[in-house]
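Worksheet: the structure to be examined is printed underneath.
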Amino acid sequence: MSHVRHILIFSILLASPAAAQNLDSLLARMTLEEKLGQLNLLSAGGRASPEQMQLVRAGRLGGLFNVIGAENTNPRQRIAVTESRLKIPLLFGLDVIHGYRTIFPIPLGEASSFDPDAAEATARAAGQEAAAFGINWTYAPMVDIARDPRWGRIAEGSGEDPYLGSLLAAARVRGFQQNIFATVKHFAGYGAAEAGREYNETEISERTMREIYLPPFKAAVDAGVASLMSAFNDISGVPASGNAWLTDTVLRREWGFTGFVVSDWTSVAELINHGVAGSQAEAGRRALTAGVDMDMQSGIYADSLAALVRSNQIPLAVVDSAVMRILRAKQRLGLFRDPYRARTAPPTTELRTLARRVAGESIVLLKNERSLLPLPKSGPVAVIGPLADNKEEPLGPWHTQGRGDDVVTVLQGIKSKVPSGTQVLYAQGSGIEDTATAGFAAAVAAARQAKVAILVLGERGDMSGEAASRSSLGLPGVQERLLEAVAGTGTPVVLVLMNGRPLILEWASDHVPAIVETWFLGVEAGNATADVLFGDVNPSGRLPITFPRVLGQVPLYYNHRNTGRPPDVNNKFSSKYIDVPVTPRYPFGFGLSYTTYAYSNLKLSAARARASDSITATVTVANTGNREGTEVVQLYVRDEVASVSRPVRELKAFRRVALRPGESRTVELRIAVRDLWFYGLDMKPVVEPGTFRVYVGANSAEGLEATFECIP
Ligand code: BGC
């Protein structure tokens, strides 16, 4: 396992007395200004380049980000390692979120694959491609658990589940760190922004923080992640970028993290707006002493902290520890030996093949009445909608160096899929957001001439991502009216969605026979979509996030607690709404296939188990249809009686299982009983004796059941 080898090499480096000695003597030679300089991180766009070069020369900068291309990073590095007094190399950071130039599916889309190996592969490839352009550090993966689809950054993470989120976090860290350093962000609780409003405050109990929001960070730390980014939000009044409990108590003392913490963009200065610091210097002192080692973009550490250190208001030891963490990271990355890190990008064909495969795995089939899909490759087919032939939007948010020119649109993908004689009609129909309906007539006319109408609808790529909260979750603009108009022709409609969050799809779910969720799939969007529409790829994606029926249900997530009055249609005085069911439109883990699967014969390896034991669930899964397919077999657990009310279900294992038509397989899923921990009344992790119910099935709302007893 290459990642294990990498971590080993890194630890040997860290442990080497010679290397440690080196850094100690380097630190001893540094002036206070040079030390604070190492903690200073600026965006290339932020200050004029000559001024930044001067900062590098003076040893007043530890890293730069948003410098694109080795032709731009190398000259800066050259100044650092040849012209600065101590010749300390720079870090070069960039948000390589889902690809550098070759854009892969957005992380939420890729999470739908339930395939950590795929996530590791795209992160590795993206890291290698970025490294070829001078980047040695990325601000990814974003591992914030999110339960509110109004929040635009939901697109950047892995959805609502801490178990899936943890596996993907670790996989992406391993993938990136084959070539560049990773940063897990945003530490912590950012995804709990109240009302889904970007940068908003959060109210998170310590238990929920530890059980829901922190596990993906812990998994990333265990996978050897180099750095964490502190979040913008406060947690019940204590901002994450000045929160000693998070960055010192939990991260360093409990988890033993030895890497470094970088702030988010000006989040140190923003401590003033939060109202926990009265001046820049006070904000800097608060963040640094809480454990935020590097100041992104505020310039406060470099510009305002020297006097506080000289007057002992900040212990020099705090500065020294932070500096050592940065120096050790640079050493671990090999920058002292090899500051320019010349790398070659993977061949484009290899990148695109990977992009197409993972994009195919990320597609979720939400509805397929009377097996409308897959479509025959004969036409005529109408391809309609503002996203049908759009080259920019499939890149999604945060597409760094991605270019629209590289994107295969859905229309192009369909055209190259069907035989050349097949008639493919195209009409844009409407814009994404504008209200003009003039294009409806042409769309309706195209649909009338076709055997099937494929409508490609959804959001603009930048309607999710940072600073992109929405207060309504329907299809933007007049797209739903376009859908209704085309459906009104009577031509069967396939709705292909592109979006960065769960949408409200009530009308479509009730009236449109086939719905395909494609998220933003990146450069191979059109080919991967056509692969699924025409049956060359059988969809195997599963929702990593709940799709509500109406916005009023939000936040709605599968791993909620039970309440004293669980929802009961026959009981008015139970926990529900009077105007809408409590259930989601599409539950977590849900996704259809062109074949069908049947589950039977669930057995557990033991009826009783100790906390130190493992339990293996075996289940027979059969492909009962006539196509080859991959089922995602999911195992959920419920702790029936505990000292603290536990979620009705928690995902604890899953497995992608490929099955030929008619094939049936015995699938094993193993869980370590100690992984069923929660935070008890005394706020310590505990596995309590008692009954655990195990569900194995196709999604979070169904499954066979069995129980076992945990014994002391
Ligand atoms: C975002 C981070 C990002 C940083 C640097 C901030 O606005 O919140 O996720 O890494 O900018 O681009």
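The angle separating the long axis of helix 162-176 from the principal Cα axis of greatest extent in the chain is about 60 degrees. Using the crude model of +1 on Lys and Arg Cβ and -1 on Asp and Glu Cβ, and no other charge, please compute the dipole size for segment 388-524 relative to its Cα centre, in debye to 20. Dipole of segment 388-524, to the nearest 20 debye: 460 debye.
If the reach is capped at under 18 angstrom between alpha carbons, list the aspartates and glutamates near LYS35, excluding any in the same chain fewer than eight residues apart. Once the sequence-local aspartates and glutamates are set aside, what remains near LYS35 is ASP24, GLU83, ASP293, ASP295, ASP303, ASP320.
Across the alpha-carbon atoms of segment 111-256, the computed radius of gyration and Dmax are 14.5, 43 angstrom. Within segment 581-712, the proportion of Cα pairs with more than 23 Å between them is 37 percent. Once C-alpha pairs closer than 8 Å and six or more residues apart are averaged by separation and normalised to the residue number of the chain, the relative contact order reads 13 percent.
Short to long, the 10 Å bins of the Cα pair-distance histogram for the chain hold 3, 15, 24, 25, 19, 11, 4, 0, 0 percent of all pairs.
Run the helix sum for the chain: -39,500 (n - 2.57) per DSSP H stretch of 4+ residues, divided by residue count, reported at 222 nm to the nearest 500 deg cm²/dmol.
Numbers: 20 runs with 195 residues, N = 712.
It lands at -8000 deg cm²/dmol.
With the convex hull of the Cα atoms taken as the outline of segment 26-173, the averaged projected area works out to 10.3 nm². Using Cα positions and a limit of under 12 Å, work out the aspartates and glutamates in reach of LYS330, with same-chain residues fewer than 8 apart set aside. Once the sequence-local aspartates and glutamates are set aside, what remains near LYS330 is ASP338. Ordered by the number of other Cβ atoms lying within 10 Å of each residue's own Cβ, fewest first, ILE578, ILE671, ILE68 fall into the sequence ILE578, ILE68, ILE671.
Stretching the chain fully between GLU506 and ARG608 yields a gain of 32.3 nm (0.36 nm per residue, less the alpha carbon separation). Which aspartates and glutamates have a Cα less than 16 Å from the Cα of LYS377, not counting those fewer than 8 places away in the same chain? Cross-link targets: ASP531, ASP536.
What size of dipole, in debye to the nearest 20, comes out for segment 529-642 about its Cα centre when the only charges are +1 on Lys and Arg C-beta atoms and -1 on Asp and Glu C-beta atoms? Mind dumping the intermediate values first?
Working: 12 positive and 9 negative charges, 103 e Å.
With Lys and Arg at +1 and Asp and Glu at -1, about 500 debye.
Comparing segment 225-321 with the 2.2 N^0.38 Å rule of thumb, its C-alpha radius of gyration ratio is 0.98 (two decimals). Treating each Cα of segment 334-471 as an identical point scatterer and summing with the Debye formula, the log10 of I(q)/I(0) at q = 0.09, 0.13, 0.17, 0.20 Å⁻¹ comes to -0.39, -0.73, -1.14, -1.40. Using the alpha carbons alone, the radius of gyration of segment 162-233 stands to its Kirkwood radius in an Rg to Rh ratio of 1.00.
To the nearest 10 degrees, how steep is helix 2-15 against the longest Cα principal axis of the chain, on a 0 to 90 scale? Approximately 10 degrees, to the nearest 10. By the beta-carbon count within 10 Å of each Cβ, the least crowded to most crowded order of HIS560, HIS274, HIS399, fewest first, is HIS560, HIS274, HIS399. Kindly express, to the nearest 10 degrees and within the range 0 to 90, the angle between helix 348-362's C-alpha long axis and the longest C-alpha principal axis of the chain. For 348-362 against the chain, the angle is about 60 degrees.
Only the coordinates and a few stated rules stand behind these numbers; no lab work does. Bear in mind the structure is a predicted one, so any value in this text is a computation, not a measurement. All Cβ positions, even for glycine, are placed from backbone atoms using ideal geometry, and neighbour counts span all protein chains on display.
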